[in-house]
Amino acid sequence: MLPVDPNKKLSFTRSICDGDLVIVYERHDNMKALKVCKDSVLQNRFGVFKHSDWIGKPFGTKVFSNKGGFIYLLAPTPELWTLVLSHRTQILYIADISLVIMYLEIVPGCLVLESGTGSGSLTTSLARAIAPTGHVYTFDFHEQRAASAREDFEKTGLSSLVTVGVRDIQGQGFPDELSGFADSVFLDLPQPWLAIPSAGKTLKPDGVLCSFSPCIEQVQRACDTLRSNFTDIRIFEVLLRTYEVREGKRDCGQADGGNLGSLPCKRRQRSSEGNTVHDNLSYPTVMARPCSEAKGHTGYLTFARLKCLS
């Protein structure tokens with residue numbers, strides 16, 4: 001996901017250059033992807049930022065505007081790209097993506113097949129996982145979506161690791177020239193059971209398949225098809241609960257109420273020699289609570305391993 005050198009090695013230390021893609025971080029809920037152009041400027045509520053001031057600085061740099069406001073210039077990692085990409089379809093997010101890469105057993109050098117490409121959220125993470133010597137072949141039946149995804153992979157420096165094809169995998173299956181070469185296959189299709197036989201032909205013995213489906217009826221029908229040539233069938237639903245963690249002050253009389261790492265405090269006490277009342281003391285503490293906007297159901301992930309023929 002980071003700039004790729006000609007020898008296909010990912011570069012994590014390179015400074016920002018003219019023409020690079022950067023993620024501009026304004027605040028936790030406001031980020032955007034921008035191409036660096038030395039004659040361009042970024043204007044927002046924090047002031048005016050000259051792109052020319054960004055060139056030569058390392059990713060992660062905090063830069064200031066003419067008003068004294070600031071932003072951060074971050075590298076376009078798959079995690080951040082998932083949050084800022086253009087949504088052409090519904091996308092997979094970090095929780096589901098992490099499980100997919102782990103259970104598909106994807107490592108550098110793997111050959112991975114994906115259908116459909118959609119907005120390319122998963123594809124960017126797959127590309128980083130198989131780099132520098134692997135390859136991702138991703139297919140979408142919609143020609144314009146495939147073209148847009150191809151442009152995104154050019155911008156993010158992944159074009160040498162990803163090949164985008166226009167193909168109806170449900171109707172036509174995967175290309176014959178890929179038969180027996182895939183280490184893993186990912187399906188995000190409305191009728192995955194139609195593509196499972198073709199996916200089985202492309203997988204190496206003991207290869208792993210994953211199908212993402214929003215409805216349990218799709219999962220049940222896919223599992224019926226998987227039983228003939230696959231084993232070790234597993235189904236997961238990932239429900240992520242995020243907590244907000246922040247610093248604050250806690251009064252002595254306040255209940256713990258979910259605070260983490262709170263310090264002991266003194267209670268209000270009346271002096272035994274008079275009526276003097278000692279005020280409560282406030283202590284700095286770390287407070288954690290569930291985020292108000294918790295993500296619910298996204299979909300079901302079905303994994304299965306191709307049977308090894310004896």
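Structure summary
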read-out: Test: R221 is touching a Phe, Trp or Tyr at 6+ places or on another chain (Cβ under 7 Å) and at pLDDT below 95; value: no
read-out: All positions within region 168-177 that are open to solvent by 20 Å² or more (accessible area, probe 1.4 Å) and touching a helix residue (DSSP H, G or I) at 6+ places or on another chain (Cβ under 9 Å); value: Q170, G171, Q172, D176
read-out: Whichever residue in region 36-49 is in a strand (DSSP E or B) and either among the small types (G, A, S) or in contact with an Asp or Glu (Cβ under 9 Å, 6 or more places away or on another chain) (or both) and, among such residues, is surrounded by the fewest Cβ atoms within 10 Å (Cβ to Cβ); value: N44
read-out: From R145, R150, residue being part of a helix (DSSP H, G or I), touching a Lys or Arg at 6+ places or on another chain (Cβ under 8 Å) and over 24 Å from D29 (Cα atoms); value: R145
read-out: T302 among the polar types (S, T, N, Q), at pLDDT 80 or above, touching a helix residue (DSSP H, G or I) at 6+ places or on another chain (Cβ under 8 Å) and open to solvent by less than 40 Å² (accessible area, probe 1.4 Å); value: yes
read-out: All positions within region 185-213 that are over 18 Å from D232 (Cα atoms) and either part of a loop (DSSP other than H, G, I, E, B) or open to solvent by 10 Å² or more (accessible area, probe 1.4 Å) (or both); value: D188, L189, P190, Q191, L194, A195, S198
read-out: Filter pass, S160 being surrounded by fewer than 22 Cβ atoms within 10 Å (Cβ to Cβ) and not in a helix (DSSP H, G or I); value: yes
read-out: Filter result for S125 (in a helix (DSSP H, G or I), without any contact (Cβ under 8 Å) to a residue 24 or more places away in the chain and under 30 Å from R241 (Cβ atoms)); value: no
read-out: Any hit, region 177-186, residues being within 15 Å of P78 (Cβ to Cβ), modelled with pLDDT of 95 or more and not small (G, A, S); value: yes
read-out: Cross-chain or 6+ apart pairs with Cβ under 7 Å, region 22-41 first and under 10 Å from L83 (Cα atoms), then open to solvent by 50 Å² or more (accessible area, probe 1.4 Å) and modelled with pLDDT of 95 or more; value: M31/Y25
read-out: Some residue of region 60-69 being over 19 Å from L34 (Cα atoms), out of contact with any Phe, Trp or Tyr (no Cβ under 6 Å at 6 or more places or on another chain), assigned to a strand (DSSP E or B) and in contact (Cβ under 8 Å) with a residue 12 or more places away in the chain; value: no
read-out: Criterion (closer than 23 Å to R88 by Cα and either open to solvent by less than 40 Å² (accessible area, probe 1.4 Å) or without any contact (Cβ under 8 Å) to a residue 12 or more places away in the chain (or both)) met by exactly one of A182, A131, A147; value: A147
read-out: Residue within region 76-99 that is touching a strand residue (DSSP E or B) at 6+ places or on another chain (Cβ under 8 Å), open to solvent by 10 Å² or more (accessible area, probe 1.4 Å) and at positive phi present; value: no
read-out: Single unsatisfied condition, D152 versus (1) buried (at least 21 other Cβ atoms within 10 Å of the Cβ); (2) among the charged types (D, E, K, R); (3) modelled with pLDDT of 95 or more; value: (3)
read-out: Enumeration of residues in region 182-241 that are among the hydrophobic types (A, V, I, L, M, F, W, C), more than 16 Å from T298 (Cβ to Cβ) and in contact with a Cys (Cβ under 8 Å, 6 or more places away or on another chain); value: V185, I233
read-out: Region 12-35 - residue that is part of a loop (DSSP other than H, G, I, E, B) and surrounded by 17 or more Cβ atoms within 10 Å (Cβ to Cβ) and, of those, nearest to the chain's Cα centre (by Cα); value: D20
read-out: Filter pass, I91 being at pLDDT below 95 and not charged (D, E, K, R); value: yes
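The values are calculated or read from the model by the stated rules, or taken from the named source; none is laboratory data. On a predicted model such as this, the values are computed, not experimentally measured, just so you know. In this analysis, Cβ positions are derived from the backbone assuming ideal geometry, glycine residues included, and neighbour counts consider all displayed protein chains. Note: areas computed on protein heavy atoms with side chains; ligands, DNA, RNA excluded. Shrake-Rupley method; radii C 1.70, N 1.55, O 1.52, S 1.80 Å.
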